[in-house]
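We did not get these values from a lab; they are worked out from the coordinates using the rules stated. As the structure is a prediction and not an experimental result, all values here were calculated from the model. Ideal geometry is used to build each Cβ from the backbone, glycine not excepted, and the neighbour counts take in all protein chains shown.
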Amino acid sequence: MIARIWHGMTPVEKADEYTDYLHRTGLPDYKATEGNLGAYILKRPEGNKMHFIALTFWESKEAIRRFAGDQIERARYYPEDEEFLIEKEPLVHHYEVVT
């Protein structure tokens, strides 16, 4: 199993709206992709910013490709992300789940 971790930040005043947006976009896409084993959104305030982590679990790199395309290390964004995110980090991180 592989964990895929994406990080993003919004202004704290946009955090609730961005959470709703993630429930309409990213989460359904993750869960609808064959080979996805789970998807969670974590958030943590830090001053005037809200950090978001998308933590997803996948059967294999091939399953991740079905979601992300051939360059699985690249973050996948949606058109409206620019309305919320302070910056768009280009990469995600993958970890082998060992326990």
Among residues of the stretch 44-88, those that are touching a strand residue (DSSP E or B) at 6+ places or on another chain (Cβ under 6 Å), in a strand (DSSP E or B) and surrounded by fewer than 17 Cβ atoms within 10 Å (Cβ to Cβ), counted: 5
Matching residues, the stretch 30-43, being in a strand (DSSP E or B) and of a type outside the set (Phe, Trp, Tyr): 36, 37, 38, 39, 41, 42, 43
Filter result (of a type in the set (A, V, I, L, M, F, W, C) and either more than 20 Å from residue 95 (Cα to Cα) or assigned to a strand (DSSP E or B) (or both)) within the stretch 17-29: 22
One residue from 56, 25, 10 being under 20 Å from residue 98 (Cα atoms) and hydroxyl-bearing (Ser, Thr, Tyr): 56
Qualifying residues in the stretch 16-36 (those that are over 15 Å from residue 68 (Cβ atoms) and in contact with a helix residue (DSSP H, G or I) (Cβ under 9 Å, 6 or more places away or on another chain)) - the one surrounded by the fewest Cβ atoms within 10 Å (Cβ to Cβ): 17
